[in-house]
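All remarks here apply to the structure that follows.
FYI, it's all coordinate maths here, none of it is from the lab. Computed from a predicted model, the values in this text were never measured in an experiment. Virtual Cβ from ideal backbone geometry, glycine too; neighbours counted across all protein chains shown.
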Amino acid sequence: MENTSNNAEKERWKRWTESMEKVALEIRRQDERGVIEQAKIDGEKIGIEKGIEKGIEKGIEKGMEKGIEIGMEKGMEKGIEIGMEKGKMEEKKEFAISLSKLGWSKEQISQILKISEDEVERF
């Protein structure tokens, strides 16, 4: 009887050990799945971060190109405007000198050319 009882105890111990091994195996599998899932999540995060970095770089490049383009256009417009003003001032200067030679006063010349008397005096 003791032998039967001993065999029954061994059998229970064997089943318990096998069930614990199965539990341990399942836990390892779940851990592995968790690690794999976390790696996927980390990979996606890295991909998103890289995408954002690339997007920012492209945005900065496009912004700089557009800024340079606008700056060049504005610079050319301003240069033309300044050139025209210089040309007009040159014409006014010549006209002021001619009027001065004809005996016109600084006040009269400044009124007709719509410039200050100081500017007439500089001519």
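Kindly provide the helix-only [θ] at 222 nm of the chain, computed as the sum of -39,500 (n - 2.57) over DSSP H runs of four or more divided by all residues, to the nearest 500 deg cm²/dmol?
The helix contribution divided over the chain gives -34000 deg cm²/dmol.
Could you point to the residue in Met64, Phe123, Met84 farthest towards the positive end of the chain's charge dipole, with +1 and -1 charges on the Cβ of Lys/Arg and Asp/Glu respectively?
Sorting the options by dipole projection puts first Met64.
Report the FRET efficiency, 1/(1 + (r/R0)^6), for Ile60 and Ile36, where r is their Cβ-Cβ distance and R0 is 41 Å, rounded to 0.05.
E between Ile60 and Ile36, to the nearest 0.05, is 0.70.
If you fit an axis through the alpha-carbon atoms of helix 2-101 and take the longest principal axis of the Cα set of the chain, what angle between them do you get, 0 to 90°, nearest 10?
Tilt of helix 2-101: around 0 degrees.
Remind me, what semi-axes does the stretch 51-105 give for its equivalent ellipsoid, largest first in whole Å, using sqrt of 5 times each Cα gyration tensor eigenvalue?
51, 6, 4
As an exercise, find the ratio Rg/Rh for the stretch 4-109 from alpha-carbon atoms, using the Kirkwood inverse-distance average for Rh.
Across the stretch 4-109, the Cα-based Rg/Rh ratio is 1.90.
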